[in-house]
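To keep things clear, I will list the structure first and then write my remarks on it.
The values are calculated or read from the model by the stated rules, or taken from the named source; none is laboratory data. Keep in mind it's a predicted model, so treat the numbers as computed, not measured. We place every Cβ from the backbone using ideal geometry, glycine too, and count neighbours over all the protein chains shown.
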Amino acid sequence: MERLMTVYYIDSVNGLDINDGSSVVGPWKTMANLYSRITARAVYQGDKVFFKRGGVYYGRLSARVAVNGAFGALFPGSPVQSPKLIIGAYGDGNAPRPILTGYKEANVAASWTQYAPNVWKIDLSQAAAAVTGESTFDNTNVGHLNINGVTKWFRTVDRPSVATDASGNWAFWSEAQAPGTAASDTNLYVQATANPTTLASSIEICVDGVGIYGSSNMSISGIEVRGYGMNGYNTTGADKVDIIDCMFNKIGGSVLTISNGTRAGNGVQVYGSGSDHTINYNEFQDCYDVAYSCQGPTMTGWANIEFAYNKVWNSNQAIEFWSTVNGGAPTGFVNVKVHHNEFYNSGFSGSNQTRFEAQSSAQLYYDMNTPTDIEIYDNLFVFAAASYLFSRRSSNTVFTPPPGVNSHDNTIVMAPGTLMSYQRTETIETAAAWAAALGWEQNSHFLVLPQNVLTATASQQIELLQAFLMAQAGVVTRMALSNGSGVRKAMATAQKALRISEAIGANGMNQGPLYSGGWYFPETSAVTNMAGAGNTGSMRLLPFTAPAAGRIIKLSYWVNVAGDAGSVVEPVIYRREGKYFLLHFDAGQQDAATVGLHTITIAGFNVYEGQELFVGMNVLAPSGVTNLPSMRAATGRTSSRVPVADSTANLNFAFGNLFNGISLTLGTAAPPSFMQAVGVTTQVPIVGMLAA
């Protein structure tokens, strides 16, 4: 008998692990409970697991289970065409991403004892009841502290005299040994002039661990991964993995190799091999080592990897590739694409000061097995502490980029005097000669940052950097920065058309990922009009299933027949969670008295792969109005019609409820040209949605 897909919900505030977790009114509470159910195969491929936005969830999310003492595949022997395990978020679309974290909380004064003058210690073992937060990582391999939101990185694995080896508060050390051995000291030692809880309101301790252990056939979207001492996400040999619209924040710093003190910490790491990975529209900040890395002794190599439309801030390196032979024929990289990303401040985090080899660069390469089919293009690189490129191969005797790696058409913006690559003398001022000598970075732009950007405050730098780039000939056509809270990815329409071709299904639906600039519509077949007095106070919901994770930034609707002056419509999007309809987005009252296409720019909302949305228009009109607007609509199957008492409230409706039987007649007007351009010729949906 075929296993039915199940949707599970987790709410760190109102959930209970004794619930069945299959509805928003009876969610689970903890990641530990989820892990136990994954281990028992109660959560399986094809299921969906959603964390409530605004919540904090301690522990690890592991899609791999222990088999004979080692982590094996979650679904051993499953075919590659198996449905994906989908991890996402639910709840208020304006709330912060749910946070998966490995931090231990050390905010209880009684848990600290004085060890020496200006040195305090705390027991981090599971037996220490006063240490809250994450409890499954029972070790003292501390990667960093997070003090009132500021990251404090580790400096040595030896036991120093903290009181004399560092100045100020928060220098720290621990016995970074393998957990569980007799020699392991379960204490963390911190320099502080008083009990640490009197010096900070929030003390978070990051120890060795991985936030998400990935497996094949897995999709992760809308999650923040924070405070893990080794990697935010790690997988080995996994195929068909999507990581979309996630945040990897404050990752790494724990000891990887005790003998020489090597520390690690990557945002997303694909170790040994992997294929068909899409890592798009994510944010990375404060990664001890690298934001994204394909590395390790190869098993089957890496193939069909895309890392695109991401933003990276303050990681020691932006991207890293290296491979070594692990028996048998060497394998390398095939069809790996890194494009349309924004990389900022490589090496400018505090971790750069704690590394024994502070060669911080935007691009990092070590020895590589062939083939090396890696293409890096249309990215923005801003600031690198040591050099733009670090490449060291053949037992540290060759320092040129690996043959086969093609980096081109990038915008590279560095401070005056920044080296272009390790063990070479060219700087950003002579980058053209460097590119010619190496045969690299064809058609790239090399820019020297002006003094006003270098000396500006962090809040001012965004605006000044934007103005500087916009003024550069040829750069603005490929990279544009947004105002406000941060820098967003952008790309020219012409280039998108060259690189993206979207298939249109027989039902008019776009098939495949939510590509930037693509319009997506509810399911369509026959064209109908929504008209008549029965429309007032009700609406028809049209189904839309997101083909992939992404972000919607515009809505577009079509008025077929204008209503009387003052007539308005209210575009709304509901999401289905179990048997409930919950309001996901309300665009507010919009013009319905003017015939034609209306496009609304919105703050935006995220969708995850496979998310069921229901798009509708609530038709409103002044009292006594005679002529109501006619809204163009289409349905792919019989859709639900629901009463709308107040479309701004979170109302629950029984699925399939009928209200005010709406008269629908065939419309004849041609669709707007932009819809025709993507293959919709006789079918016009009520609302189109533009992906970011």
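Taking segment 245-273 on its own, how many of its residues are out of contact with any Lys or Arg (no Cβ under 9 Å at 6 or more places or on another chain) and modelled with pLDDT under 90? Number satisfying all stated conditions: 10. One residue is enough: does segment 88-109 have a residue meeting the conditions in a helix (DSSP H, G or I) and either within 17 Å of ALA32 (Cα to Cα) or over 23 Å from the mean Cα position of the chain (by Cα) (or both)? Yes, because at least one residue in segment 88-109 is in a helix (DSSP H, G or I) and either within 17 Å of ALA32 (Cα to Cα) or over 23 Å from the mean Cα position of the chain (by Cα) (or both).
Among the residues of this structure, SER12 does not count as one that is at pLDDT 75 or above and outside any loop (DSSP other than H, G, I, E, B).
Conditions tested, residue by residue: (1) in contact with a Leu (Cβ under 8 Å, 6 or more places away or on another chain); (2) among the small types (Gly, Ala, Ser); (3) more than 23 Å from PHE321 (Cα to Cα).
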{"position": "ARG392", "(1), (2), (3)": "no, no, no"}
{"position": "THR411", "(1), (2), (3)": "yes, no, no"}
{"position": "THR430", "(1), (2), (3)": "no, no, yes"}
{"position": "TRP434", "(1), (2), (3)": "no, no, no"}
{"position": "GLY439", "(1), (2), (3)": "no, yes, no"}
{"position": "VAL448", "(1), (2), (3)": "no, no, yes"}
{"position": "ASN452", "(1), (2), (3)": "yes, no, yes"}
{"position": "THR455", "(1), (2), (3)": "no, no, yes"}
{"position": "GLN460", "(1), (2), (3)": "no, no, yes"}
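Of the residues making up segment 110-141, just one is in a loop (DSSP other than H, G, I, E, B) and among the aromatic types (Phe, Trp, Tyr), namely PHE137.
Note on segment 207-229: among residues that are modelled with pLDDT under 90 and not small (Gly, Ala, Ser), the one that is surrounded by the fewest Cβ atoms within 10 Å (Cβ to Cβ) is TYR213. The condition (being more than 23 Å from TYR90 (Cβ to Cβ) and at pLDDT below 75) is satisfied by just one residue among SER639, SER630: SER630. Residues of segment 401-423 that are over 21 Å from ASN345 (Cα atoms) and not aliphatic (A, V, I, L, M): PRO401, PRO402, PRO403, GLY404, ASN406. The residues in segment 448-466 that are surrounded by 12 or more Cβ atoms within 10 Å (Cβ to Cβ) and either of a type in the set (Lys, Arg) or outside any helix (DSSP H, G or I) (or both) can be counted, and the count is 4.
Within segment 543-582, restricting attention to residues that are among the hydrophobic types (A, V, I, L, M, F, W, C), closer than 22 Å to PHE50 by Cβ and not in a strand (DSSP E or B), the residue that is modelled with the highest pLDDT is ALA546.
Total residues in segment 288-315 satisfying the condition of being charged (D, E, K, R), farther than 18 Å from ASN335 by Cα and assigned to a strand (DSSP E or B): the figure is 1.
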